[in-house]
Amino acid sequence: MSGGPAGVLLLTDRWQARRPLAEVVAGAVAGGVRWVVLRETDLPRAERAALAVDLRAILAEAGGTLIVAGPDPLGGDAVHLPSAGPYPPPRLGLVGRSCHDRAELARLTTEDYATLSPVYPTSTKPGYGPPLRPDGLGALIAVSPVPVLALGGVQSPDQVAACVEAGAVGVAVLGAVMRADDPETAAATLTAATTAQARPKLAYATTEEER
């Protein structure tokens, strides 16, 4: 598996979704999302594995990737691990890790990417201290050994732009899409914001290389 998540990474939560989870994911994919983290860790393994099969099929049609939260890839080759472990990470095609501070970033070894949270106030994952805000996010990205996606309270295009400007390769979102009346439009709006913010940087890089 080449590369890692960029743009918009969608985290699932069927309890917050306003439609069946597969329908929400399909709408997000139609809106440009190509990376989805399957959470739903309260489900029995058999049910969660069956859900993974359904979501992989939706993503496969668009060339996307399903990442499974936890060390068990449920028949796939991509996982997203919590900051608590396991360490060292399993050897799979793609491994991500949730991080919240400099110490947790320093523990990264063979992970391919990390999420940093919370960037903005959020009720989904309380208990990790005050929000980093873009300045704090940028300071941690500067010392991260892997690409970082901004997570926590990202709801608007302006917030997406601020995260990308701080150095994030994208944003990880949950409520902004799960709770949306129209997941496709919500995903498309956020995806467009990551693309618009990245374009000037790519153009500058090209110019520098040509000099």
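Take the alpha carbon gyration tensor of segment 1-120, find the square roots of its eigenvalues, order them as a ≥ b ≥ c, and report rounded if a/c is under 1.5; if not, report prolate when a/b exceeds b/c, else oblate.
prolate
Specify which residue in the list Pro82, Val95, Ala57 is farthest towards the positive end of the charge dipole of segment 7-127, using unit charges on the beta carbon of Lys, Arg (+1) and Asp, Glu (-1), about the Cα centre.
About the Cα centre, the residue reaching furthest to the positive side is Pro82.
Write down the accessible area per residue of the chain in Å², having rolled a 1.4 Å probe over the full set of protein chains.
Per residue, the chain has an accessible area of 46 Å².
With a cut-off of 8 Å between alpha carbons and a minimum separation of six or more residues, what is the relative contact order of segment 75-187 in percent?
Relative contact order, segment 75-187: 19 percent.
For the chain, list the DSSP H helices whose alpha carbon atoms reach 18 Å or more along the long axis and whose average Kyte-Doolittle value is -0.5 or above?
For the chain, where a helix must reach 18 Å along its axis and average at least -0.5, the hits are 45-60, 183-210.
For Cα pairs less than 8 Å apart in space and 6+ apart in sequence, what is the mean separation divided by the residue count of the chain, i.e. the relative contact order in percent?
Reported as a whole number, the value is 25 percent.
Expressed in nm to one decimal, what extension gain is obtained for the pair Arg91 and Asp135 from 0.36 nm per residue of sequence separation less their Cα-Cα distance?
12.5 nm
Compute a Gaussian network model of the chain, connecting alpha carbons closer than 10 Å, and tell me which residue from Val68, Val29, Val53 fluctuates the most.
Val53
Taking a ≥ b ≥ c as the square roots of the Cα gyration tensor eigenvalues, with a/c under 1.5 meaning rounded and otherwise prolate when a/b beats b/c, else oblate, which class fits the chain?
Rounded, because the longest to shortest axis ratio a/c is under 1.5.
Ignoring ligands, DNA and RNA, what percent of the 1.4 Å accessible area of the chain is carbon and sulfur?
55
On full extension of the chain, what length is gained from Arg19 through Asp72, given 0.36 nm per residue of separation minus the C-alpha to C-alpha distance?
16.5 nm is the gain from fully extending Arg19 to Asp72.
Note down the relative contact order for segment 138-178 as a percent, whole number, built from C-alpha pairs under 8 angstrom at least six residues apart.
46
Starting from the 7 Å offset along Cα-to-Cβ, what nm value, one decimal, do you get for the label separation of Ala50 and Arg179?
In this crude spin-label approximation the distance works out to 3.0 nm.
The values are calculated or read from the model by the stated rules, or taken from the named source; none is laboratory data. Model, not experiment: these values are computed from the prediction. Heads up, the Cβs are rebuilt from the backbone with ideal geometry, glycines too, and the neighbour counts pull from every protein chain shown. Surface areas here come from the heavy atoms of the whole protein model, side chains and all, with no ligands, DNA or RNA. Shrake-Rupley method; radii C 1.70, N 1.55, O 1.52, S 1.80 Å.
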